Every structure is written in C-alpha cells, then in structure tokens.
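Here the structure comes first, spelled out in structure tokens, and everything after it is commentary.
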Amino acid sequence: MIDPGIQALSRAANEEQAACPVTLVVSGNMVTGHIVAQDTFEADTTRMVEMAEEQTGGANDAVQAMGSMISAMLDEVKAPDDEAFVHVSVQEVMTGAEAIDLGGSVFRFRTSEIQGYTIGTVETREG
C-alpha cells in the first residue's frame, strides 16, 4: 500500500518542481534528503554518465555501453504518474550506528518499501 502523504509529496515534486526535506525509513535504513521530481532523477543519472564519459575521454567501451543501457532504462521509467516510486536526493543513509554521506545523489525508491517518514532532515555528528 502506498502512503498517501508520500504520494502527495511526490506528486507535488513532479508537478511543481518543488523539493521537500524528508527522512525516510527504507528497508530498515534511515535515509535523509529531499523528495524531488522524476526529472531531477533523470537529469542526475544522465549527469553521472556524462561525468564518466568525460573522465575516460569518451574512449571507454564499457562507459559507452553503460550510457546506452542508462538511456534505455530512462526511456522505460518515463511515466511520471507512476506513483509506485519516489525520487529522493539523498544526503545520508544511516545503517545501524554508521552514517554514509551520499552528497545528494538521487535515488529511486519503491514507495511500498518505505516503512515510515517524517518531514525534515536529520544531521549526524561524530562523538
């Protein structure tokens, strides 16, 4: 079952290009960041491929193949009214006592796997 709150936040992100700060619990891990539009997910994914191509001078067959596969994947996920997924620009993932800084990489989560959420982000501190 899809939570109506997550569904409304995701819809607003897609329709208004707005970002909402959230902390989610996904598969037992706490994830903090911002719900963003699917377009943002697609742009971030494309940017990552372009960076890999730049780093290899465009001459790496594996990177070119990855770019083709990513393009095909993005073509398949272009249904913005698909409310089965939410796109989140993730700052940190907390697994147990460890926090992993992801610096804003955009993830695509299946909404049915979100076990809980709150509006706002959390910040971890050492010590």
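Between V25 and M66, full extension at 0.36 nm per residue minus the direct alpha carbon distance yields a gain of 11.8 nm.
Considering only V63, V93, V22, the mean-square fluctuation computed in a Gaussian network model of the chain, springs between alpha carbons under 10 angstrom, is largest for V63.
Springs join every pair of Cα atoms under 10 Å in this Gaussian network model of the chain, and among N60, N29, N14 the largest mean-square fluctuation is at N60. In terms of surrounding Cβ atoms within a 10 Å radius of their Cβ, E113, E76 rank from fewest to most as E76, E113. Of H87, H34, the sequence from fewest to most neighbouring Cβ atoms within 10 angstrom is H34, H87. Using Cβ point charges alone (K and R +1, D and E -1), the dipole size of the chain about the Cα centre works out to roughly 280 debye. Specify which residue in the list M66, F107, A8 is farthest towards the positive end of the charge dipole of the chain, using unit charges on the beta carbon of Lys, Arg (+1) and Asp, Glu (-1), about the Cα centre. It is A8.
Label sites at A43 and A84, each approximated as a point 7 angstrom past Cα along Cα to Cβ, lie 2.7 nm apart. Mean-square fluctuations from a GNM of the chain, with a 10 angstrom spring cutoff on Cα atoms, peak among A59, A13, A43 at A59. With an a/c value of 1.5 or above and a/b not larger than b/c for the gyration tensor axes a ≥ b ≥ c computed over the alpha-carbon atoms, the chain is described as oblate.
Any read-out appearing in this document is the output of simple, stated calculations on the displayed coordinates, not a laboratory observation. Only a predicted model underlies this, so the values are computations on that prediction, with no experimental measurement involved. Glycine gets a Cβ as well: all are built from the backbone with ideal geometry, and neighbour counts include every protein chain shown.
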